[in-house]
Amino acid sequence: MTANLANNPDATAPVTEAVRRPTLLICDDEDGPRESLRVIFKGDFEILAARSGAEAIALAQQHRVDVAISDIRMAEMSGIEVLERLKFVDPGIEVVMMTAYETTDTLRQALKLHACDYINKPFDVATARAAIASAMQKRRMRDAETDGERKMEEMFAELQNHKIQEQIAHARNEIYASIIHDINGPLTVISGFIQLMNTRLANATTPTVEDLEFVRGKLKTVERQTASCIEISRRYLSFLRRSESPEQTGVGVNQLLADLEQLVRVHPSLGSHQFTVHRLERDIAARMNGTDLLQILRNLAVNGFQASHIPHSVEISGRVLDQPLDLAGLRDGPADRVLNVEGCENTAPLLMLTVRDTGPGIPEDILPKVFHPYFTTKGEHQGTGLGLSIISRLVKQAGGVLHLHSVVGEGTCFTLYLPGKPVTAQP
Ligand SMILES: Nc1ncnc2c1ncn2[C@@H]1O[C@H](COP(=O)(O)OP(=O)(O)O)[C@@H](O)[C@H]1O
Ligand SMILES: [Mg+2]
């Protein structure tokens, strides 16, 4: 490998340099200097030649220009304007100005607009070469810098993405753990009832009618509780299996709301706040993984409780919309933030769910920040600042829309719109 590199020095050069020659844009309305510059630099650069400022700008818009050289005095657009507009197209273009008898004012103006250098006209080849070479070096350094910055940004975004995925998985596991815990309740009842029946029958050599009645009654409860365990495990197993699939389970939202109520009732932040869950009048399934929907609603409810220690209420309700949303009416404002209007799958039936609290509300200056990852107004050990960014990701994945409306002193209301589909899973 080392020997190979030594034999072929080009192999160590960055790939981009190997495949791309730098581009030089020459702008002069006089044919003579323009053509001589072309001849001087054609060995080292891809050359773009423009007879006017307008042509130069158009070329810069169509190509990636590294360095430009422009006359200052031209009939139509002045070189100063060309410089300004080239920098507007791409601030990274290094521009060398050519001057004949300009005032120092013009030169000062050019430098203020970040011209890289200037050469006098008529120029000699050595001066032109030196000016363009140093402009190209500047360009390379700047590219390396922005490359580094871009890489840092990419790394940071990836890290953030990873952290959010981790949090989503963590919250999912938490939900599954509570579900297993929920199955424990009925199992305890079943076990207790079986014990009762055992004791009753243990002493009866010939069971009486009363004994049989007793056992029959207890068996009914056992049957009900067993069915409930089977139903819970079936539902969540189906979520687990389909968690990666776009075609989601058809479990009704009312069933999920019942599960949610149980999950939230045991949440430590409930405290003495009032918590109400209203079922939908007409049931529907969301085209979204059930555990993800539970996660969204639980995060919103918990945020509602945590908004203030002063007891207040958090209420969840919803309905089915048989018409598409009026998306034009959903806009950001001083009391409103709307997420994912552009990615909304706006076809009826839609499921609308609201989580409303009568907490303190969110101040206008904080509202635009609440969906940013890691933004939190809570103490170090209370908030991660990831709850709402997780929610926004899940809503986007599902093609839904989230509308946040909050007024200080009145409270906060999150409205979630999701594509719906008929309930298909067995209750
Ligand atoms: N219902 C609400 N009432 C008041 N403020 C809220 C509410 N929901 C969210 N917020 C604000 O949004 C911030 C970000 O919320 P979130 O992303 O869930 O992170 P965390 O709860 O960890 O702070 C919260 O710290 C809070 O300032
Ligand atoms: Mg939160």
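A single member of E149, E94, E81 is acidic (D, E) and touching a strand residue (DSSP E or B) at 6+ places or on another chain (Cβ under 7 Å), and it is E94.
Which one is farthest from L159 (Cα to Cα) among residues in the stretch 362-393 that are aromatic (F, W, Y) and more than 6 Å from ligand 1 (Cβ to nearest atom)? Among those residues, the one meeting the criterion is F371. Restricting attention to the stretch 373-388, the residues that are at pLDDT 90 or above and within 15 Å of the chain's Cα centre (by Cα) add up to 2. Number of residues in the stretch 64-85 that are under 22 Å from E145 (Cβ atoms), touching a residue at least 40 places away in the same chain (Cβ under 8 Å) and not small (G, A, S): the value is 4.
Against the definition (surrounded by 15 or more Cβ atoms within 10 Å (Cβ to Cβ), at pLDDT 95 or above and among the basic types (K, R)), how does R356 come out, yes or no? Yes.
Residue pairs whose Cβ atoms lie under 7 Å apart, sitting 6 or more positions apart in sequence or on different chains, and linking a residue in the stretch 394-421 that is aromatic (F, W, Y) to a partner that is more than 12 Å from ligand 1 (Cβ to nearest atom) and not in a strand (DSSP E or B), are Y417/L325; Y417/G400.
Residues in the stretch 394-406 that are near ligand 1 (Cβ under 8 Å from one of its atoms) and either surrounded by fewer than 14 Cβ atoms within 10 Å (Cβ to Cβ) or under 11 Å from the mean Cα position of the chain (by Cα) (or both): there are none. Looking across the stretch 331-383 at every residue that is in contact with a Cys (Cβ under 8 Å, 6 or more places away or on another chain) and not acidic (D, E), the one that is farthest from A398 (Cα to Cα) is identified as R356. Scanning the stretch 45-69 for residues that are in a loop (DSSP other than H, G, I, E, B) and not polar (S, T, N, Q) turns up F45, R51, H63, R64, V65, D66. When the stretch 163-209 is filtered for residues that are farther than 30 Å from I391 by Cβ and in contact with a helix residue (DSSP H, G or I) (Cβ under 8 Å, 6 or more places away or on another chain), the ones remaining, listed by number, are P186, L187, V189, I190, F193, I194, L196, M197, R200, L201, A204, P207.
Scanning for something hydroxyl-bearing (S, T, Y), under 57 Å from the mean Cα position of the chain (by Cα) and modelled with pLDDT under 90, does the stretch 189-212 turn up at least one residue? Yes, because at least one residue in the stretch 189-212 is hydroxyl-bearing (S, T, Y), under 57 Å from the mean Cα position of the chain (by Cα) and modelled with pLDDT under 90.
The values are calculated or read from the model by the stated rules, or taken from the named source; none is laboratory data. What you are looking at is a predicted structure, and each value in this text was computed from that prediction instead of being measured. With ideal geometry, Cβ positions are generated from the backbone for all residues, glycine too; neighbour counts draw on all protein chains shown.
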